[in-house]
1. Need the failing condition index for residue 164 against (1) closer than 16 Å to residue 94 by Cβ; (2) in a helix (DSSP H, G or I); (3) over 28 Å from the mean Cα position of the chain (by Cα), just the number.
2. Could you tell me whether region 82-90 includes any residue that is at pLDDT 95 or above and in contact with a helix residue (DSSP H, G or I) (Cβ under 7 Å, 6 or more places away or on another chain)?
3. Using the structure shown, decide if residue 3 is at pLDDT 65 or above, surrounded by 10 or more Cβ atoms within 10 Å (Cβ to Cβ) and at positive phi.
4. Can you list the helices (runs of 4 or more DSSP H) found entirely within region 11-78 that contain at least 2 residues being at pLDDT 70 or above, out of contact with any helix residue (DSSP H, G or I) (no Cβ under 9 Å at 6 or more places or on another chain) and surrounded by 11 or more Cβ atoms within 10 Å (Cβ to Cβ)?
5. Can you tell me which residues in region 167-192 are at negative phi and not in a helix (DSSP H, G or I)?
6. Here is a list of conditions, (1) touching a residue at least 24 places away in the same chain (Cβ under 8 Å); (2) buried (at least 16 other Cβ atoms within 10 Å of the Cβ), and residue 181 meets all of them except one; can you say which number that is?
7. Determine which member of the set 139, 109 is more than 30 Å from residue 194 (Cβ to Cβ), in contact with a strand residue (DSSP E or B) (Cβ under 8 Å, 6 or more places away or on another chain) and assigned to a strand (DSSP E or B).
8. Which residues, counting only those in region 184-209, are surrounded by 11 or more Cβ atoms within 10 Å (Cβ to Cβ) and under 17 Å from residue 85 (Cβ atoms)?
């Protein structure tokens, strides 16, 4: 697929047309008069006369090449992956104040919540080393403190989850603090059951659709 990083530069392609018009077709007075046109036609044409168009053609071609280069053409390829089967995973994150305690991870001192977010990201998106991510799986996100909340529904588009994960923080208000892990697990299980039922119904209507 070809695209231009700076397509506005292509407007410069109009300049050669204006230049050629000004050079060859604009109204102008003749520089040399002939008493008879037949005498001019009878004059032998030299190779210089026959190829007089060549310098202009080379100049226009050079301008076109320069303009296209300025527009920065870029070619790329798009890989389409056909995903037909996987599993559904609800990631449940504790965002209570207890997660602000510090610990060592990867040679650095981080709070527990930051460590959990990094492990979440490595597991779902891959770490480029040992973990390949979960590209074939439905992944959702539930957080909890005093209350459990669905932050991101189950999705195959994992890029959708990244902003929610990045913005997730521990609670600041005391009346929101707590550890309702039971509610969070129940909410995650309910979301998984709903997804299973929805996909089962879809599979009956469309056998080639996504299967859990």
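The values are calculated or read from the model by the stated rules, or taken from the named source; none is laboratory data. Since the structure is predicted, the reported quantities are computational estimates derived from the model, not experimental observations. Here the Cβ is made from the backbone with ideal geometry for all residues, glycine too, and neighbour counts use every protein chain on show.
1. Residue 164 satisfies all of (1) closer than 16 Å to residue 94 by Cβ; (2) in a helix (DSSP H, G or I); (3) over 28 Å from the mean Cα position of the chain (by Cα) except (3).
2. Yes.
3. no
4. Details: elements: 14-20, 37-42, 47-50, 54-70.
By residue number, 54-70.
5. 168, 169, 170, 171, 172, 173, 177, 179, 180
6. (2)
7. Being more than 30 Å from residue 194 (Cβ to Cβ), in contact with a strand residue (DSSP E or B) (Cβ under 8 Å, 6 or more places away or on another chain) and assigned to a strand (DSSP E or B) holds for just one of 139, 109, which is 109.
8. Pass one, region 184-209, residues surrounded by 11 or more Cβ atoms within 10 Å (Cβ to Cβ): 184-196, 198-200, 202-203, 209.
Within region 184-209, 192, 195, 196, 198, 199, 200, 202, 203, 209 qualify.
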